[in-house]
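Computed from the coordinates by the stated procedures, all read-outs in this text should not be read as laboratory data. Nothing here was measured: the structure is a model prediction, and the numbers come from that model. A quick note on method: Cβ atoms are made from the backbone with ideal geometry, for glycine too, and the neighbour counts reach across all protein chains shown.
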Amino acid sequence: MGKRLLIYLTLFVLVLLVNVQLSNAILHNRHVKQSTNKLLSEIGGEDNKNNQFGYSSSPLILGVYEAKAVVSDARVVNLKTFFRKYNSPLYDNAEKIVEVSDTYQFDYRLLPAIAMQESNLCKYIPENSYNCWGWGIYGDLTTRFTSYDEGIETVAEGIKTHYIDHGLVTASAIMAKYTPSSNGSWAFGVNTFLNALE
């Protein structure tokens, strides 16, 4: 009788431990999913209102779980993560940066790297200039934009037209024209931030 009781007691303890482990695993997975969903919703921003797949001919079935998959460009997510890390006002302009980089066919990391080198990602710019890139700032002359989007578009077009189209495609080559008085620290900084965005 004593052995049988010991066996039942051992089995009970084992089943109890398995249940506790399973409960902990379920709670942990739920917490991970909630944290992931919260982070993705913060990074992803507002849903796309013009989604071409938003209307389906399939009937709505009540009582069935529905999920919505949102596809994001990894480059936008990478930029938003970088901008959030450094508390940059460019966070809401990550899509624009990727868009103009594609339009003008250069590395999407270049504009943020220059902005980081020139203004610590827009933290130190002339008041109300939206000029994070030091673009057209010489002595008392300050080029001003009406928004970050205008600044991004103007600087991107200028980088393409005045630098890349003339074969200036590395940070060192761009530096020679962009900021000729630099002793190399500008190119070093831009390359450092390009690497940080990989």
Dimensionless Rg over Rh [the range 81-122; C-alpha; Kirkwood]: 0.96
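So how do W133, W186 line up by other beta-carbon neighbours within 10 Å, fewest first? Provide the component values of the computation, followed by the final result.
Working: W133 26, W186 22.
Going from sparsest to densest Cβ surroundings: W186, W133.
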Sequence-separation-based contact order of the range 74-196, relative, with Cα cut under 8 Å and 6+ spacing, percent: 23
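What full-extension length gain, to one decimal in nm, is calculated for D92 and T142 as 0.36 nm per residue of separation minus the Cα-Cα distance?
Values: separation 50, 0.36 × 50 = 18.00 nm, distance 2.39 nm.
Full-extension gain reported as 15.6 nm.
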Restraint check, K38/K80; K123/K160; K38/K85; K80/K177, Cα-Cα greater than 19 Å: K123/K160; K80/K177
Fewest-first ranking of K123, K3, using other Cβ atoms within 10 Å as the exposure measure: K3, K123
Cβ-based exposure ranking for S181, S129, in which fewest neighbours within 10 Å come first: S181, S129
Net charge dipole size for the range 74-196 [Lys, Arg +1 and Asp, Glu -1 on Cβ; Debye, nearest 20]: 440
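Could you grab the Rg to Rh ratio for the range 74-196? Cα atoms only, Kirkwood for Rh.
We get a ratio of 0.92 for the range 74-196.
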